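Report on the following structure.
The values are calculated or read from the model by the stated rules, or taken from the named source; none is laboratory data. This structure is a prediction, so every number in the text was calculated from the model and none was measured. Note: ideal-geometry Cβ built from the backbone for every residue, glycine included; neighbour counts use all protein chains shown. Just the protein is used for accessible areas: all its heavy atoms, side chains included, with ligands, DNA and RNA removed. Shrake-Rupley method; radii C 1.70, N 1.55, O 1.52, S 1.80 Å.
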Amino acid sequence: LHIMTDNSNEEIMYYFGYGSNLDFDDWSKWCRKRSKNPDGLKEIGPAWIDGYHLVFDYYSNSREGGAANLRAVGSGKAATPGALFEIDKDTLKSLDQKEGVKLPHCYKRIKVTAFTENGEGFECYTYIHYSDSLDYYQPTKEYETLIRDGLIRLGLPVTCLDCALANNTNFGIKFFFVYGTLMKNQTRQYAMQSSKFFADGEISADMYKIGNYPGIVTGKGMVQGELYESKQPFDLVKELDRIEGAEISDPLFNRVIQKVRTKKGDYWSYVYHYANSTKDFELIITGNWKDV
């Protein structure tokens, strides 16, 4: 996990955008009106945050309609797609101003973890409006299009946006990628019985032989495995978090969100990465546990 320090002079920081800032022209237009430089917002690529629903429970006077917001519901219960950006301290000040951080009843800046395509985690800033009610405000078509086009440009699903527009929060990660003892004909295949096999797949990672099970970490290799789809994903999250030791204070594995490539297309999925050093373990060159 890339951790940001709380040093206000830190040169490189990260920001997760999920609303209008997915559109660089919209951001640039806002900056130019205020004689600010928009170039400090540097897009890294598509990313997801875990544990938040996308909602339209905030009314924006400047947008004349609902504005995108996040509602925290808990890890494994929801997820929101967007973009990860690299920013500097001047851009952070501009983002704070744009989101009205110093104004009452506007957005507040928080820290979250965003996961990129290879499952790498970045501690980053994002903005959230804390509301006591579950109001819904219809966004303008123009504002909706800014977000929709941004998601499509990033190759991200628009299902999250469509659910939010319908005031339906029943959206989250429903796919699970397994690569070791949870696969078919392996010792813990029973844990996946409540879900449906979707496709064989591969992810970008390096695989190591930890013992009688493998562990993967972010790397330049490719790991082979199986993608499953669950109708009750949070129940499966709880079970797999327990099996993988992800829920304890000193975890054995960490649950991340990562892109999986299959013959049916690319899907973002929960994946468990080994949480400790792999320096004393054997690299499995093929990235396939069944070869061991």
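Take every Cα pair under 8 Å whose residues are at least 6 apart in sequence, average their separation, divide by the length of the chain, and the relative contact order is 18 percent. Mind telling me which of Glu142, Glu99, Glu43 comes out most flexible in a GNM of the chain, alpha-carbon contacts under 10 Å? Comparing Glu142, Glu99, Glu43 in a Gaussian network model of the chain, the most mobile one is Glu142. Approximating the spin labels as points 7 Å out from Cα along Cα→Cβ, the Gln193-to-Phe24 distance works out to 5.2 nm.
For the chain, modelled as a GNM whose springs connect Cα atoms under 10 angstrom apart, the maximal fluctuation among Ser60, Ser75, Ser35 occurs at Ser35. Taking Cα centroids, how far is segment 184-203 from segment 44-86 in Å? Cα centroid to Cα centroid, the span is 30 Å. Solvent-accessible area per residue in the chain equals 49 Å², computed with a 1.4 angstrom probe and all protein chains kept. Ordering of 225-236, 185-196, 78-89 by packing is 78-89, 225-236, 185-196, highest average first (other Cβ atoms within 10 Å, averaged per residue).
What angle do you read, to the nearest 10 degrees and between 0 and 90, between the alpha-carbon axis of helix 233-243 and the longest principal axis of the chain? It works out to around 50 degrees. Would you please classify the overall shape of segment 180-252 from the alpha carbon gyration tensor, given that a ≥ b ≥ c denote the square roots of the eigenvalues, rounded means a/c under 1.5, and beyond that prolate means a/b larger than b/c while oblate covers the rest? Oblate shape, in that a/c is at least 1.5 and b/c is the bigger or equal ratio. In segment 215-231, which residues have a backbone nitrogen under 17 Å from the label point lying 7 Å from His2's Cα in the Cα-to-Cβ direction? Inside the label zone: 218-220. Within the listed set His53, His105, His273, the residue fluctuating most in the Gaussian network model of the chain (springs between alpha-carbon atoms under 10 angstrom) is His105.
What is the helix-to-structure angle for 89-98, meaning the angle in degrees between its Cα long axis and the longest Cα principal axis of the chain, kept from 0 to 90 and rounded to the nearest 10? Roughly 60 degrees between the two axes. Could you give the size of the charge dipole of segment 22-127 about its Cα centre, using +1 on the Cβ of each K and R and -1 on the Cβ of each D and E, expressed in debye and rounded to the nearest 20? Here segment 22-127 has a charge dipole of around 560 debye. So if R0 is 25 Å, what FRET efficiency would Asp280 and Ser249 give, r being the distance between their Cβ atoms, rounded to the nearest 0.05? Once the sixth-power term is evaluated, E becomes 0.65. Can you tell me the orientation of helix 24-33 relative to the chain, as the angle in degrees between its alpha-carbon axis and the longest Cα principal axis, to the nearest 10? Rounded to the nearest ten degrees, it is 30. Apolar share of the accessible surface for the chain: 47 percent from carbon plus sulfur atoms, 1.4 Å probe. For segment 204-283, the number of Lys pairs with C-alpha atoms closer than 30 Å, counting only pairs eight or more positions apart or on separate chains, is 19.
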